[in-house]
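See structure below.
What follows draws every value from the coordinates through simple rules; no lab data is involved. On a predicted model such as this, the values are computed, not experimentally measured, just so you know. With ideal geometry, Cβ positions are generated from the backbone for all residues, glycine too; neighbour counts draw on all protein chains shown.
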Amino acid sequence: MSKTEIIAEAGRQEVVITHWLKAPREKVFAAICDPEVLPQWWGPSRLSTRVEEFNATDAGRWRVIQSDDSGHEFAFNGVYHLSTAPSMQVRTFEFEGLPERHVAMETLTLTEKDGGTLWTATSVFQSVADRDAMIASGMESGVREGMERLGEYLLSV
């Protein structure tokens, strides 16, 4: 597997996440658009993932809920603004667990590279404070483990 790189420059409203996956981008795109596959790789394995709503098409809505062994729930939601197979998605992303609800705009680009797929996700937050709150929420560890789990899933199918 490849290392996940998370770039969050001081004073900027964005986070850029890159990860190389050993799979063709068509396969990666299919895995991220399938609500039955999503729980197999989304976030850390210590949390169970339930897909409440998932329509990865233009104007489609999504909502995913994760829970820990104690029953604490962490919900995420958004709307797809563009879904162009197999190369790009643009959607909103909201972590419902932050004290104030702030929406980020995410652009995911899947690029064929070195016999696999380079995942590049850029999230633009409404403010630097919003971006910092998301990072402080533990986002980085969840993203890293989720990317590793996605890579493992793709190798198994």
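Worth a mention:
- Counted by neighbouring Cβ atoms within 10 Å, the residues S83, S141, S48 run from fewest to most as S141, S48, S83.
- Phi-derived couplings, Karplus 6.51 cos²θ - 1.76 cosθ + 1.60 at θ = phi - 60°, listed residue by residue for region 122-133: 10, 10, 10, 9, 5, 7, 5, 4, 4, 4, 5, 5 Hz, with x used for Gly and Pro.
- Prolate/oblate/rounded label for region 5-156 (Cα gyration tensor, a/c 1.5): rounded
- If R0 is taken as 30 Å, the Cβ-Cβ distance between D34 and I7 corresponds to a FRET efficiency of 0.60.
- Length gained when the stretch E73-R46 is fully extended (0.36 nm per residue, less Cα-Cα span): 8.5 nm
- Of the residues E94, E73, E106, the one that moves most in a GNM of the chain with alpha-carbon contacts below 10 Å is E73.
- Cα shape, region 1-93, gyration tensor, a/c 1.5 rule: rounded
- Cut-off 14 Å, label 7 Å out along Cα→Cβ of S137, residues of region 65-103 by amide N: 65-67, 73-79, 92-103
- Ranked list, fewest to most other Cβ atoms within 10 Å of each Cβ, for L150, L118: L118, L150
- Taking region 18-43 and a reference point 7 angstrom along Cα→Cβ of V157, the backbone N atoms nearer than 18 Å belong to 20-43.
- Using the Cβ-Cβ distance between D114 and E14 with R0 set to 30 Å, the FRET efficiency works out to roughly 0.75.
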